[in-house]
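Before any comments, here is the structure.
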Amino acid sequence: MDNITTSWYSPIIDPNYTPSIPTFTPNATLSSLLAERTKYCWITAEDKDNGFIPEDNLSDNCYSLYESYCDLGPTDPVPSPSPSAIPTSCTHTSRSASTTDSSPATTTTSGIATPTPTQPNMTKDCTKFHKVVDGDNCATISKEYGISQADFLTWNPDVGADCKNLWLDNYVCVGSTPTSTSGTPPPTSTSPGVVTPTPTQPNMTKGCTKFHMVVDGDNCATISKEYGISRADFLTWNPDVGADCTNLWLDNYVCVEASPSSNPSPTTTLSPSPTSEATPTPTLPNMVDGCIQFHKVEDGDICASIATQYGISQADFLAWNPYVGDGCKNLWLGYYVCVGKQ
């Protein structure tokens, strides 16, 4: 045991040693790519700060829009064009109300206190109000209060002719003072000896001799059939209805017969120019130019059934609507697709 020795290790510590810290440099290119691909997204950081979770708060159809415009990767194509109309049900309703919830009630020119929040640019002569609830639309509100849809849209212009900007939990005007410019005008005469009832569809032909009041369930086809007229004539006499008949106003009069001078020429009635049909909205992104016939996607539609319905090949359908994709996975409910081309 005398030969055993003990030694102690003393580490040398460098007091000037500084450990290296990895740094992260943001990828400006990646950030710009993502910004470019999400420029049409309507969901804001404020929405998410207010507890809005797209995965939980959006329906399947709305979430499909969200994925197409808000949740893209850096290699995904830039969506084009921008969505022409985001349904009210797809927006965060507290956003529109948040800027007005704390505002005190105001007074209209009629001396009646106005509740808040209200639909923007509501008439200042309002005497009666309605709070928009889930399921409301312009037609149901007008019917509930016994007013014409034309008056409702005049008193609440920001709603839009297609009623797509009706804000949930906001007040709209459903009654106005007689001095308001939105009052129903007196009956006018369009043709000698013919009195025009009111309210009428905007821009109705001035040579009308017979009228029909739009009731629930009416559409351009049923009205045309009831009066034995062509759809082309009906749309010529009532142009604001639109080629897809989406602006047919409930409880308003439309023209179903006109004097010969107001009738379109046979070439207009029987053989309309292929380029004369307006493109309805919203349409599927990247739809082909030159489309002359459209189909609104309904529940249960698939590419094959639409192609069969219109007597076209599925290859043509996919060529005219490339955004649908080979697997027909991007066929958006409520959007128009092309089913006929020049």
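Here is how the numbers come out for the structure above:
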| quantity | calculated |
| --- | --- |
| Label-point gap, in nm, between Ala45 and Lys329 - each point 7 angstrom along Cα→Cβ | 3.1 |
| Using a Förster distance of 25 Å, the FRET efficiency for Thr281-Gln342 (Cβ separation, nearest 0.05) | 0.80 |
| Pair Asp299, Cys62: separation of 7 Å Cα→Cβ label points (nm) | 1.7 |
| Residues whose placed amide H lies under 5 Å from that of Phe129, excluding near-sequence neighbours | Val174 |
| Relative packing of 288-296, 329-337, which averages over residues the other C-beta atoms within 10 Å, highest first | 329-337, 288-296 |
| Net lengthening on full extension, Thr198/Tyr310 (0.36 nm per residue, minus Cα-Cα) | 36.4 nm |
| Thr196, Thr118, Thr18 arranged by Cβ crowding within 10 Å, fewest neighbours leading | Thr18, Thr196, Thr118 |
| Residues of type lysines that Lys128 reaches as a straight line, Cα spacing below 18 Å, ignoring anything fewer than 8 places off in the same chain | Lys143 |
| 5 angstrom amide H check on Thr200, placed H, neighbours 5+ away | Tyr253 |
| Ile112-Thr140 FRET efficiency (beta carbon distance; Förster radius 22 Å; 0.05 resolution) | 0.40 |
| Whether the range 275-341 is rounded, prolate or oblate, judged on the alpha carbon gyration tensor where a/c under 1.5 counts as rounded | rounded |
| Radius 14 Å from Cβ of Val215, net charge of other residues (Lys, Arg +1; Asp, Glu -1) | -3 |
| Cβ-Cβ FRET estimate between Ile53 and Thr18, R0 fixed at 51 Å, reported to 0.05 | 0.70 |
| Under 27 Å from the Cα of Lys48 - lysines, other chains or at least 8 residues apart | Lys39, Lys131, Lys164 |
| Extension gain (nm, one decimal) between Ala232 and Asp162, 0.36 nm per residue minus Cα-Cα | 23.0 nm |
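Quick note: the coordinates plus some simple rules give every number you see, no bench work behind them. Model, not experiment: these values are computed from the prediction. Counting neighbours? That spans all protein chains shown, and the Cβs are built from the backbone with ideal geometry, glycine included.
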